[in-house]
Amino acid sequence: MNDLLDITTTAATDAIGTSAARLRSAELEERIRYKPGRFRVLTGDRPTGPLHLGHYFGTLHNRVRLQDLGVEGFLIIADYQVLTDRDVAERLVEYVEGLVLDYLAVGIDPDRTTIFTHSAIPALNQLLLPFLSLVSVAELNRNPTVKDEIAHSRQAAVSGLMFTYPAHQAADILFCKGNLVPVGQDQLPHVELTRTIARRFNERYPTGGSPVFPVPDALLSAAPLLLGTDGSKMSKSRGNAIPLGASADETARLIRAARTDADRHITYDPVARPGVAGLVLLAALCQERDPHAVADEIGAAGAAALKRTVTEAVNEFLAPIRARRTEYARDPERVRRVLRAGNERANAVADETLREVRTAMRGMY
Ligand code: TRP
């Protein structure tokens with residue numbers, strides 16, 4: 001466990017800059033291949049709907065890759081975090097169990113990756129209290145991702161949870177001493193805050209031995225931004241996504257309704273033709289081909305031919321994932337067992353970390 005802490009960091013990661021994080025990520029990739037056992041991955045999702053192709057190419061396949069390289073994983077279903085931008089978490093059981101199905105279907109192995117929920121791990125949540133004491137209101141106020149989410153929130157007022165959830169996310173990462181956080185660019189400010197909290201805790205509460213927390217690194221995946229069927233970012237809440245669990249017919253329907261443009265000749269030009277380029281990219285990712293080659297092959301055949309190609313590519317790609325998902329869905333008790341076992345394990349880890357935290361803070365019971 002302690003050698004998880006034994007990861008030296010470079011000055012480059014002190015900058016929030018994406019390019020620094022990219023450089024650092026390349027360096028980390030090398031170390032992961034060399035010694036996967038030194039790393040512990042923590043990532044997660046909010047249970048706000050089914051996962052889709054954007055998640056797959058953005059993060060899921062990267063999680064499975066790290067798992068298969070031999071990195072131990074923790075996967076949080078962040079149910080409390082749902083309440084950051086809405087009053088009530090709707091259809092929670094359905095979405096939580098749906099996430100577990102999506103994870104299992106894409107190849108997450110619950111024996112190697114601990115799948116758990118926020119709300120079942122009291123000791124994780126308690127870490128939020130000392131962590132909040134380590135950050136200033138001004139720091140919370142500066143978080144660009146939170147600012148953006150507040151701008152898009154459907155709530156009239158900003159809740160305290162919206163304002164403080166990045167510190168809660170630090171607890172998600174640090175409760176299990178995660179030192180590797182594979183995320184998209186929008187999550188970098190949260191990882192930066194987590195690093196700050198880990199450093200400050202270790203400085204303020206020295207143990208005499210090794211520090212309580214590792215200073216975790218973000219691992220940026222090289223995935224391109226996947227566009228939805230309306231030409232804007234593929235997103236659960238925008239109704240423009242192709243869910244992993246959708247049927248082949250639903251997929252055909254979603255793609256048929258996708259927005260294209262009046263130019264019959266198909267090209268790959270993400271800036272000038274986002275709708276067409278989004279579809280081309282989808283086919284290219286599913287077929288592991290170059291998007292320009294996909295566009296050239298369709299050429300003058302037009303948008304209808306493009307949509308046929310994309311539908312076929314997506315359905316073929318997702319067929320084995322969907323078959324596994326259907327198989328697991330037949331056994332809901334198994335899904336619940338996976339969660340129960342994950343929560344039990346996460347609780348044991350969280351209790352131990354909280355014990356170390358209280359000891360380091362001296363006098364806390
Ligand atoms: N905020 C993340 C998202 O919206 C989900 C999340 C919760 C998370 N806790 C995390 C991601 C910890 C990485 C690490 O996608």
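The values are calculated or read from the model by the stated rules, or taken from the named source; none is laboratory data. Remember, predicted model here, so these are calculated numbers, not experimental data. Glycine gets a Cβ as well: all are built from the backbone with ideal geometry, and neighbour counts include every protein chain shown.
Table: residues versus (1) assigned by TED's automatic domain parsing to the domain that holds residue 253; (2) not in a helix (DSSP H, G or I).
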position	(1), (2)
272	yes, yes
275	yes, no
280	yes, no
289	yes, yes
345	no, no
353	no, no
365	no, yes
Test: residue in the stretch 256-278 that is out of contact with any helix residue (DSSP H, G or I) (no Cβ under 9 Å at 6 or more places or on another chain), surrounded by fewer than 15 Cβ atoms within 10 Å (Cβ to Cβ) and touching a residue at least 12 places away in the same chain (Cβ under 8 Å): yes
The number of residues in the stretch 206-231 that are among the small types (Gly, Ala, Ser) and either within 20 Å of residue 189 (Cα to Cα) or without any contact (Cβ under 8 Å) to a residue 40 or more places away in the chain (or both) is 6
In the stretch 152-187, the residues that are charged (D, E, K, R) and more than 13 Å from the ligand (Cβ to nearest atom): 154, 177
For the stretch 147-161, does any single residue satisfy the condition of being buried (at least 19 other Cβ atoms within 10 Å of the Cβ), of a type in the set (A, V, I, L, M) and modelled with pLDDT of 95 or more? no
State yes or no: is residue 51 within 15 Å of the ligand (Cβ to nearest atom) and in the same structural domain as residue 341 (by TED's automatic domain parsing)? yes
Filtered residues of the stretch 241-298 (kept if in contact with a Leu (Cβ under 6 Å, 6 or more places away or on another chain) and under 18 Å from residue 319 (Cα atoms)): 242, 244
Can you tell me how many residues within the stretch 184-213 are polar (S, T, N, Q) and crowded, with 23+ Cβ neighbours inside 10 Å? 1
Residue that is farthest from the ligand (Cβ to nearest atom), among those in the stretch 79-97 that are in a helix (DSSP H, G or I) and more than 25 Å from residue 251 (Cα to Cα): 83
From the residues in the stretch 35-46 that are near the ligand (Cβ under 10 Å from one of its atoms) and touching a residue at least 40 places away in the same chain (Cβ under 8 Å), which one is farthest from residue 339 (Cα to Cα)? 41
If you take the residues of the stretch 52-78 that are more than 15 Å from the chain's Cα centre (by Cα) and not in a loop (DSSP other than H, G, I, E, B), which of them is surrounded by the most Cβ atoms within 10 Å (Cβ to Cβ)? 72
How many residues are in contact with a strand residue (DSSP E or B) (Cβ under 7 Å, 6 or more places away or on another chain) and more than 16 Å from the ligand (Cβ to nearest atom) when one looks only at the stretch 100-119? 1
Per the filter on the stretch 246-270, residues charged (D, E, K, R) and part of a helix (DSSP H, G or I) are 249, 250, 253, 256
Residue count, the stretch 191-241, condition more than 12 Å from the ligand (Cβ to nearest atom), β-branched (Val, Ile, Thr) and either out of contact with any Phe, Trp or Tyr (no Cβ under 6 Å at 6 or more places or on another chain) or assigned to a loop (DSSP other than H, G, I, E, B) (or both), comes to 5
In the stretch 59-78, what residues are more than 10 Å from the ligand (Cβ to nearest atom) and either touching a residue at least 40 places away in the same chain (Cβ under 8 Å) or not assigned by TED's automatic domain parsing to the domain that holds residue 173 (or both)? 60, 61, 62, 63, 64, 66, 67, 71, 72, 73
Given the condition touching a strand residue (DSSP E or B) at 6+ places or on another chain (Cβ under 7 Å) and either buried (at least 19 other Cβ atoms within 10 Å of the Cβ) or within 15 Å of residue 49 (Cα to Cα) (or both), answer yes or no: does some residue in the stretch 87-99 qualify? yes
